[in-house]
Amino acid sequence: MSTSFLEQITNGLLSLVYPDNCTICKSPHTNNPFFICTPCQKMITLNLPPFCAKCSRHLRNPEKNILCPQCQKTNPVFDQAWAATRYTNAMKNLIHLFKYKNKTALCHLFSNIIILFIKNYHINMNQYDYIISIPLHPTKLRERQYNQTDLLAETLSKEFHIPLSKNNLIRQKYTKTQALLNEKERWTNTKDAFRIRHPSNFLGKSILIVDDLITTGATVCEAAHALKRAQTKYIGVLALSIT
């Protein structure tokens, strides 16, 4: 009796942590380790070449320009950015769950997508001295209890044996949620949002910023501004998805 009762409790807890149903469509995911069914996985749109030479956004007409319209307009501060997927409806839903609904198990799927992208396109990870993630303001971190970009950065740090720098890039300004703002407001919202706590640690170093999503690029550009002020040598950005 007691063994059966314990098994019921254990199975109940496991079903909470490792749900039987697909995270997106709620159909059985048949023990898929990524917690989404195969049809939903196929809805994820990978970011494919031709790439913008600056941010890796897919180019529709590479014969005319090597930069996407966004990069032509904003001239990003970072040296190079890469994104593994395109921000279609499937990724929009998944990132929302990952970011706001405590579906941290999705980190396994997302990390695998990013790692395969890095290997497929031969991105030179050996050039980086440190990996950092886009930080949350302490108030938002208390509300959410976790930072989804930390989870991605930690996995990539382990996979490529690059030291993870924690708490040196800090968000000093409480900002509104970028998704609620228009393009102009996003740039104003992130102005002077970040600073480097110990600039000497990044002096002359190559830094890789990890984020979940690039839309206008305002957030990663403002983080790159802070890194430039610390006299870093090279700034790369690696994101899960891009609009």
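Before moving on, here are some points about what is shown:
- Of all residues in the range 55-72, exactly one satisfies the criterion of being at pLDDT 95 or above and of a type in the set (D, E, K, R), namely 57.
- Any chance residue 74 is free of Cβ contacts under 8 Å to residues at least 60 places away in the same chain and surrounded by fewer than 20 Cβ atoms within 10 Å (Cβ to Cβ): no
- Meets criteria (more than 22 Å from residue 107 (Cβ to Cβ) and either assigned by TED's automatic domain parsing to the domain that holds residue 56 or modelled with pLDDT of 95 or more (or both)) for residue 201: yes
- Residue match in the range 168-176 (condition: under 16 Å from the mean Cα position of the chain (by Cα) and closer than 16 Å to residue 196 by Cβ): yes
- Here the range 166-198 is the region considered, the condition is being modelled with pLDDT under 95 and of a type in the set (Phe, Trp, Tyr), and the residue that is nearest to residue 99 (Cα to Cα) is 174.
- Looking at the range 141-235, the strands (runs of 3 or more DSSP E) lying wholly inside it that each contain 1 or more residues that are under 16 Å from residue 81 (Cα atoms) and in contact with a Cys (Cβ under 7 Å, 6 or more places away or on another chain) sit at 206-214.
- Exactly one residue among 176, 119 is in contact with a helix residue (DSSP H, G or I) (Cβ under 6 Å, 6 or more places away or on another chain) and exposed (fewer than 14 other Cβ atoms within 10 Å of the Cβ), and that residue is 176.
- Top-ranked residue of the range 28-38 - restricted to ones that are loosely packed, with under 14 Cβ neighbours inside 10 Å and part of a loop (DSSP other than H, G, I, E, B), ranked as modelled with the lowest pLDDT: 30
- Cross-chain or 6+ apart pairs with Cβ under 7 Å, the range 226-243 first and closer than 12 Å to residue 78 by Cβ, then exposed (fewer than 15 other Cβ atoms within 10 Å of the Cβ) and polar (S, T, N, Q): 234/127
- Residue within the range 85-94 that is within 23 Å of residue 178 (Cβ to Cβ), part of a loop (DSSP other than H, G, I, E, B) and assigned by TED's automatic domain parsing to the domain that holds residue 156 present: yes
- Inspection of the range 112-122 identifies no residue that is farther than 22 Å from residue 236 by Cα and part of a helix (DSSP H, G or I).
- Among residues of the range 39-59 being of a type in the set (Lys, Arg) and not in a helix (DSSP H, G or I), the one that is nearest to residue 214 (Cα to Cα) is 57.
The values are calculated or read from the model by the stated rules, or taken from the named source; none is laboratory data. All of these numbers come straight from a predicted model, not from anything done at the bench. No Cβ is skipped: glycine too gets one built from the backbone with ideal geometry, and neighbour counts run over all protein chains shown.
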